[in-house]
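Step one of this worksheet: look at the structure below.
The values are calculated or read from the model by the stated rules, or taken from the named source; none is laboratory data. Treat the numbers as computed from the prediction; the structure is a model and nothing was measured. No Cβ is skipped: glycine too gets one built from the backbone with ideal geometry, and neighbour counts run over all protein chains shown.
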Amino acid sequence: MGRWLLVLILCSAVSLSLIEAAPPRKPLNRYCCPHFWTLRGNRCYRFIGKTLDWHGAQSYCNGLDHKANLVSLNTEGEAEFVHHLFKEKGGGLYTHYWTGLSDIDSEGNYKWVGINKPMTYSNWNTRQPDNAGHNEDCIEVVTHSGYWNDIHCTDRQPFICERPQPVSY
Ligand SMILES: [Ca+2]
Ligand SMILES: [Ca+2]
């Protein structure tokens, strides 16, 4: 009986010292995007192979996550990354895709939907934006070139959603 008591005390001492020696808990999931999303920097991107009008596409992104919007191409590096992602996932099926850029609120004043930031980087196709028929307020990317064009917001295109990287501790 006395020996078992001794073993019990020793085991308790060992496990107590193990608890003390355990390193502090690290943040969890800090660098992971949810399933189906791809990480770049601290943002996550997701290809959506449904063809929706521009407002429908933005609503779809919002529906996936309240912090998700149609993609904003804020730098050349981001635009190239998104273009490669689209071509990889789109499999050559689509000739164009939506971005979150529009001048719906004020003609010629382009801004990114959701994040509400003005356009600071652009990659317009030749002679674009032309606001053809005075009715082109939403911006698509041409798949074969990566250049941008303004087009009717009622056109139906596939798209990429963007959201912040989730951080949980
Ligand atoms: Ca962006
Ligand atoms: Ca145009």
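Might you let me know whether segment 137-156 holds any residue that is basic (Lys, Arg), closer than 20 Å to Leu52 by Cα and out of contact with any Gly (no Cβ under 6 Å at 6 or more places or on another chain)? Yes, there is a match, as at least one residue in segment 137-156 is basic (Lys, Arg), closer than 20 Å to Leu52 by Cα and out of contact with any Gly (no Cβ under 6 Å at 6 or more places or on another chain).
Among the residues making up segment 109-140, those that are touching a residue at least 12 places away in the same chain (Cβ under 8 Å), assigned to a loop (DSSP other than H, G, I, E, B) and either among the β-branched types (Val, Ile, Thr) or away from ligand 1 (no atom under 16 Å from the Cβ) (or both) are Val113, Ile115, Thr120, Asn125, Thr126, Gln128, Pro129, Asp130, Asn131, Asn135, Glu136, Asp137. Conditions: (1) under 25 Å from Leu39 (Cα atoms); (2) out of contact with any Cys (no Cβ under 7 Å at 6 or more places or on another chain); (3) within 15 Å of ligand 1 (Cβ to nearest atom). Leu70 meets all but one. Number of the miss? Of everything listed in (1) under 25 Å from Leu39 (Cα atoms); (2) out of contact with any Cys (no Cβ under 7 Å at 6 or more places or on another chain); (3) within 15 Å of ligand 1 (Cβ to nearest atom), Leu70 misses just condition (2). Scoring Tyr121 on the criteria (1) touching a strand residue (DSSP E or B) at 6+ places or on another chain (Cβ under 7 Å); (2) under 20 Å from Arg163 (Cα atoms); (3) aromatic (Phe, Trp, Tyr) leaves a single failure, condition (1).
The set of residues from segment 129-163 being polar (S, T, N, Q), within 12 Å of ligand 2 (Cβ to nearest atom) and surrounded by fewer than 18 Cβ atoms within 10 Å (Cβ to Cβ) comprises Asn131, Asn135. I'd like the full set of residues that are among the hydroxyl-bearing types (Ser, Thr, Tyr) and buried (at least 18 other Cβ atoms within 10 Å of the Cβ), limited to segment 95-109. Within segment 95-109, Tyr97, Thr99, Ser102 meet the criteria. Evaluated against (1) away from ligand 2 (no atom under 16 Å from the Cβ); (2) part of a loop (DSSP other than H, G, I, E, B); (3) hydrophobic (A, V, I, L, M, F, W, C), Phe81 falls short on exactly one condition, (2). For segment 23-32, indicate whether the set of residues that are surrounded by 14 or more Cβ atoms within 10 Å (Cβ to Cβ) and at pLDDT 95 or above is non-empty. So far as segment 23-32 goes, no, none of its residues is surrounded by 14 or more Cβ atoms within 10 Å (Cβ to Cβ) and at pLDDT 95 or above. Of all residues in segment 46-71, those that are at negative phi and buried (at least 20 other Cβ atoms within 10 Å of the Cβ) have Cβ atoms under 9 Å from Cβ atoms of residues that are assigned to a helix (DSSP H, G or I) and acidic (Asp, Glu), 6 or more apart or on another chain, in Phe47/Glu88; Val71/Glu78.
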